[in-house]
Amino acid sequence: MTKISVAIITFNEEKNIERCLRSVQEIADEIVVVDSFSKDKTEEICKAFPAKFIPHAFEGHIQQKNYAISQCSGDYVLSLDADEALSEELKSSIKKLQREGFQSHSYKFNRLSSYCGHWVKHCGWYPDTKVRLIKKGTAKWGGVNPHDELQAAEPSKTIHLKGDLLHYTIHSREEHYKQVEYFTTIGANEAFLKGKKSNWAIIFAKAAFKFFRDYIIKLGILDGLTGFHISRISAYATYRKYYKILLLQRNSGK
């Protein structure tokens, strides 16, 4: 039978990691957790499961996820974040592959995110299709931090599996704002290094369009008040990212 490894990266994930680990127990031949020296009970929780726990200094989301894959011994690797879990339908789809055989080097599925307890079906958040199950050696994490993605080394047909990857992403608006500051700093630094420019016209235009796209074009309005708050804070995140790029420009004299 084809062996599946599950690769997970963690840092202070005690509120999420048990749910993630329980969701993959039935399909995983091996669970590899790469941890950035958590200060909470993450390690204790992981070691209560049949999981290989590997401390490793954090060098970036992309680098950490590629390192996690390198530590796996399975024929296929399912790469997850600690705040994700397999739905029952998705778990069944993977079990079917194990029974009937794998037909591709890569598999994708929809990701459904929870925001303050509400499952979000619009705002550009769903279906949010992700490639996460790959034959080891045929793909690696790439993209731009923090917006990473699994990229195939060679073109291959990617099969879409039924079921959702459940993403327990944000539990309060305060947490959302903290994420905005964290990820926009990473995004701004990466964009600046790649030569992206910013000015006040760009800042306001990008932020305004982001709100219009998510709330109107992407039908965030159908998610009610939740959709409004997501669209509003996402627009604010766009503002913060391009404002930080502008500050980097000024500090560098460019």
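The values are calculated or read from the model by the stated rules, or taken from the named source; none is laboratory data. Fair warning: this is a prediction, and the values are worked out from it, not measured in the lab. Virtual Cβ from ideal backbone geometry, glycine too; neighbours counted across all protein chains shown.
Looking across 137, 117, one residue alone is of a type outside the set (A, V, I, L, M), outside the structural domain of residue 225 (by TED's automatic domain parsing) and over 28 Å from residue 210 (Cβ atoms). It is 137. Among the candidates 187, 224, 220, the residue that is touching a Cys at 6+ places or on another chain (Cβ under 6 Å) and within 24 Å of residue 129 (Cα to Cα) is uniquely 220. Residue 241: under 21 Å from residue 143 (Cβ atoms) and in a loop (DSSP other than H, G, I, E, B), yes or no? Answer is no for this residue.
Please tell me if residue 163 is at pLDDT below 95, assigned to a strand (DSSP E or B) and in the same structural domain as residue 14 (by TED's automatic domain parsing). Criteria not met by residue 163. The requirement of being aromatic (Phe, Trp, Tyr) and either touching a residue at least 60 places away in the same chain (Cβ under 8 Å) or not in a loop (DSSP other than H, G, I, E, B) (or both) is fulfilled somewhere in segment 116-128, by at least one residue. Residues considered: 198, 231. Of these, the only one that is assigned to a helix (DSSP H, G or I), in contact with a Phe, Trp or Tyr (Cβ under 8 Å, 6 or more places away or on another chain) and buried (at least 18 other Cβ atoms within 10 Å of the Cβ) is 231. The listed residues are 211, 183, 192, and the only one of them that is in contact with a Leu (Cβ under 6 Å, 6 or more places away or on another chain), surrounded by 14 or more Cβ atoms within 10 Å (Cβ to Cβ) and part of a helix (DSSP H, G or I) turns out to be 192. Residue 13 fulfils the conditions (1) touching a Lys or Arg at 6+ places or on another chain (Cβ under 9 Å); (2) among the acidic types (Asp, Glu); (3) touching a residue at least 40 places away in the same chain (Cβ under 8 Å) except for a single criterion, (1). Using the structure shown, decide if residue 31 is without any contact (Cβ under 8 Å) to a residue 40 or more places away in the chain, surrounded by 16 or more Cβ atoms within 10 Å (Cβ to Cβ) and farther than 26 Å from residue 190 by Cβ. Against the criterion (without any contact (Cβ under 8 Å) to a residue 40 or more places away in the chain, surrounded by 16 or more Cβ atoms within 10 Å (Cβ to Cβ) and farther than 26 Å from residue 190 by Cβ), residue 31 qualifies. A count restricted to segment 83-99 and to residues that are over 14 Å from residue 6 (Cα atoms) and among the hydrophobic types (A, V, I, L, M, F, W, C) stands at 2. Screening segment 2-91 for strands (runs of 3 or more DSSP E) wholly inside it with 2 or more residues that are within 26 Å of residue 117 (Cα to Cα) and not charged (D, E, K, R) returns the ranges 4-10, 76-81, 84-86.
Somewhere in segment 237-253, is a residue touching a Pro at 6+ places or on another chain (Cβ under 7 Å) and not assigned by TED's automatic domain parsing to the domain that holds residue 117? No, that holds for no residue.
Within segment 138-151, not a single residue is closer than 17 Å to residue 19 by Cβ and either at pLDDT 95 or above or out of contact with any His (no Cβ under 6 Å at 6 or more places or on another chain) (or both).
Note on segment 34-51: among residues that are surrounded by 16 or more Cβ atoms within 10 Å (Cβ to Cβ) and not small (Gly, Ala, Ser), the one that is nearest to residue 12 (Cα to Cα) is 42.
Residue count for segment 150-199 under the criterion of being within 17 Å of residue 83 (Cβ to Cβ) and in contact with a strand residue (DSSP E or B) (Cβ under 6 Å, 6 or more places away or on another chain): the result is 8.
When the criteria are applied in full, residue 136 meets the requirement of being charged (D, E, K, R), within 25 Å of residue 98 (Cα to Cα) and in contact with a Gly (Cβ under 8 Å, 6 or more places away or on another chain).
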